[in-house]
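The values are calculated or read from the model by the stated rules, or taken from the named source; none is laboratory data. Computed from a prediction, not measured in an experiment: that's the story for all the values here. Virtual Cβ from ideal backbone geometry, glycine too; neighbours counted across all protein chains shown.
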Amino acid sequence: MDTKSKKSNTHSNILKGFIVALFIIGISTFYVSGLWLTTNAIKWSVNPLFQDDYRDTYSFRETFDRLLSYSVETNMVYKSQGNIEDGKAINEDDLIESFKRYYNVADGIITSNTEIINDKLVLTGQIPDYLEENYLEYEYLVNNKLSTYRRIYIQNQLNTYSYEKNYLDSFKNFYYCIEDEKGNPIYGNAKSEDILKLKNYFIQQDDLTTNKMGKSSSDFYSKNIAQKNYRLYAGVPDNFVDGDTFYTENEAFNGAKNGTPYSLAILFTSLILCILMAVYIIRMAGQTERRGAVKLSGIDRIYNDIHLWLVVVSEVFLFVVFMNTLHPLYQQDKNIFTYIAIIIQYIVFLAMTLIGLSFLCSMSRQLKSKRLINHTLIVTLIVKIGRFFSNKSFKGWILFVILMYTTINSILIVLLMKSTRLFTFIFAITFVIFNLLFLIVLLKSLNSIATIMNIARQISTGNFNDTIDMKKISPSFTNLAKDIINIQQGLKTSVEEAVKGERMKAELITNVSHDLKTPLTSIITYIDLLKNEHLNNERADGYVEILNEKALRLKRLIEDLIEASKASSGNLKVTKQRIDLRQLFMMASGEFEDKLEEAGISFRINADEETIIYADGNHMWRIIENLISNALKYSMRNSRVYVNIFKTATTGVLVMKNISEIPLDVSPEMLTERFVRGEESRTTEGSGLGLSIAKSLSLLQGGDFSISVDGDLFKATVTMPLWEDEESDN
């Protein structure tokens, strides 16, 4: 069965690929036939299907009219090359006007009071003084530039004469004859009686025109013919002979005329086939087998409305590109750029078609998957907003109420503006009552928010005893108030359990320490007795000394543990008084003078003359003692410890910095925890409680204790409130 299914899927995919290839071929055929029809329609102004003969086209009339003009101009105006070179073909007025245009000379007072004779400017009137400079400039142009410009003008006439004569001579299918007022032929390549025998001829005499060639658009030749009472005959043969543009265009026109029905048939046939294939492709989009599961494509991940917007933007952009490449099709002379433009048009047209087909296939897959509407950004946002408003802490009907309030007020305002006096009064009362009721509800809601915010503020400060009266809470905020109450109860329970745990821990430490202290006292006593017995045994004396040292260390550890427990739980008595921080530190450091000298550690103290703090003397002594002891144990041998004592606006500050002997791989926060030391090997005599005790004692006195580590640099900062005079009075 699996093999059969795979073969079926393969066959289906091959069929789809074949249909898509046929669709591309069909759309290409549609484009080519449309391009052929469009090009011919542009060339012949109207589709050749609606023209009877080439002579009825605009292209023929334009060429024929040009030949009429050239025949008159070359024979009656220019006459010959020698005539032009002698300057006899020049119209002086035309020459002067051309000269003035070339040099941007405007007609005015100067030109009306002057005359040009023999390429020189002659003054015929009076020139105002303020135009004297302009007159001199104009005089210079005429006297020095006009003769040169005349030669250029003659050369242009020669070029024009040569071009028009060659163009006229290149036509084998154009016959013309110019006769004087007596009927004698003067110029032309045929006799008038022969031209009149043609089916298509043209006669111009005075202002009368006999035209069987369609309307002529130029009156240049009619003016020249009328001025000399001449007569112009022109015509084309019934059957064109090979050798000029008339013959070439006639053949092209006949080909276009004969090919138009076939092109139209191909155009509509390919269009119908493309539509049928597109319907099949869209119908089978996403399905590998009939009535099988729909398989979405990667492009289907895009929201449908965004997809539509992208397609519209792309199609508009491509359409603009397509229209901008149509210009080369209007050119009569085709070149390489024309064919490049055609290729670009084809690519753009194919891209527009495939983008549209891809979009329709995507919509087909979305429709089959029943997510055409749901898979849009608008619907997704509406659903998400709805979920937000349906949250337990916020009711969706609040938004509905706001919208209804705005709508009702808008309606009432419109009715107030448009109604009569009686109804205006009624609507005004309704407007006032409605807004008063809404104001009452709004005030209750605002009061509810204020109550909830007050409870939240109390919770943030640690007060968990205040409660919310649910009767005073607006229904809009009932769920929010309940959530706040639940948070309050949860925090209260957590705090109570934490306090209970700390209390039990402190009691446990105290009890265990007390139980250890009694036998330890006995051990120390018996060690003292052994020391007084004079055992006369060096090894025994060494053992006793070690026992004494370890016992004393254990005693200090127990005392530190008890003190740390009391300090962290706040069970220590605090007696604040006036203390000189600098003097206290000097006294405490003096106690360690011998040990500091032995370790090679020296203090560098930088202290203000008087830093008086408000603290407990015993606790401050213990803090300083622990800091000095910590520096003594962990500082690098033969190094310096820097101590800064200063005061700020409200506090006295003690900063101690030293270089650690061992790397500090512990975070500053961990160093103030119990039993944590900066070195993991624990080769020093520290208990890991000194800094923890210092921090607890600092906080107990209303101060602060912080530690920072930068590489091997250890920095401890103690901050205490300054002594104030009014406190001494109390």
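Being over 60 Å from the mean Cα position of the chain (by Cα), at positive phi and surrounded by fewer than 12 Cβ atoms within 10 Å (Cβ to Cβ) holds for only one residue in N118, N144, N104, N166, and it is N118.
Scan region 287-305 and tell me whether some residue there is out of contact with any strand residue (DSSP E or B) (no Cβ under 9 Å at 6 or more places or on another chain) and farther than 25 Å from S362 by Cα. No, there is no match, as no residue in region 287-305 is out of contact with any strand residue (DSSP E or B) (no Cβ under 9 Å at 6 or more places or on another chain) and farther than 25 Å from S362 by Cα.
Yes or no, residue by residue, for (1) in contact with a helix residue (DSSP H, G or I) (Cβ under 8 Å, 6 or more places away or on another chain); (2) loosely packed, with under 12 Cβ neighbours inside 10 Å; (3) under 27 Å from Y405 (Cβ atoms):
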{"site": "F425", "(1), (2), (3)": "no, no, yes"}
{"site": "I429", "(1), (2), (3)": "no, yes, yes"}
{"site": "V432", "(1), (2), (3)": "no, yes, yes"}
{"site": "N435", "(1), (2), (3)": "yes, no, yes"}
{"site": "I440", "(1), (2), (3)": "no, yes, yes"}
{"site": "I449", "(1), (2), (3)": "yes, no, yes"}
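For A481, the conditions (1) loosely packed, with under 14 Cβ neighbours inside 10 Å; (2) modelled with pLDDT of 75 or more; (3) more than 30 Å from L547 (Cβ to Cβ) are fulfilled apart from (1). Cβ separations smaller than 6 Å between residues 6+ apart or across chains give the following pairs from region 247-268 residues that are farther than 30 Å from F171 by Cα to residues that are crowded, with 19+ Cβ neighbours inside 10 Å: S263/S33; S263/L37; I266/S33; L267/S33. Out of S59, S12, S45, S5, one residue alone is at pLDDT below 85 and not in a helix (DSSP H, G or I). It is S45.
Listed by first and then second residue, the pairs with beta-carbon distance under 6 Å, at least 6 apart or on different chains, first residue in region 183-198 and farther than 16 Å from F171 by Cβ, second exposed (fewer than 14 other Cβ atoms within 10 Å of the Cβ) and not aromatic (F, W, Y), are I186/D180. Pairs linking a residue in region 646-666 that is in the same structural domain as Q583 (by TED's automatic domain parsing) to a residue that is in a strand (DSSP E or B) and polar (S, T, N, Q), with Cβ atoms under 6 Å and 6 or more positions apart or on different chains, are T651/T719; V653/T719; V655/N644; V655/T717; N658/S635.
Taken together, the residues in region 101-110 that are part of a helix (DSSP H, G or I) and under 29 Å from I84 (Cα atoms) amount to 2.
Among the numbered conditions (1) of a type outside the set (V, I, T); (2) over 19 Å from L95 (Cβ atoms); (3) at pLDDT 90 or above, tell me where E181 comes up short. It fails just one condition, (3). Screening the candidates I373, I426, I411 for the property of being of a type in the set (A, V, I, L, M), closer than 19 Å to D305 by Cα and modelled with pLDDT of 70 or more yields one hit, I373.
Selection of region 578-615 for residues being over 25 Å from T651 (Cα atoms), in contact (Cβ under 8 Å) with a residue 40 or more places away in the chain and in a strand (DSSP E or B) yields an empty set. Selection of region 464-498 for residues being closer than 17 Å to V441 by Cβ and hydroxyl-bearing (S, T, Y) yields S474, S476, T478.
Checked against (1) of a type in the set (A, V, I, L, M, F, W, C); (2) within 27 Å of K16 (Cβ to Cβ); (3) buried (at least 17 other Cβ atoms within 10 Å of the Cβ); (4) at pLDDT below 85, M352 passes all but condition (4). Kindly list, by first and then second residue, each pair from a residue in region 494-511 that is closer than 20 Å to N463 by Cβ to a residue that is modelled with pLDDT under 75, limited to pairs with Cβ atoms under 8 Å and residues at least 6 apart or on different chains. Hits for this filter: V495/G462; V495/F464; E502/S568; E502/S569.
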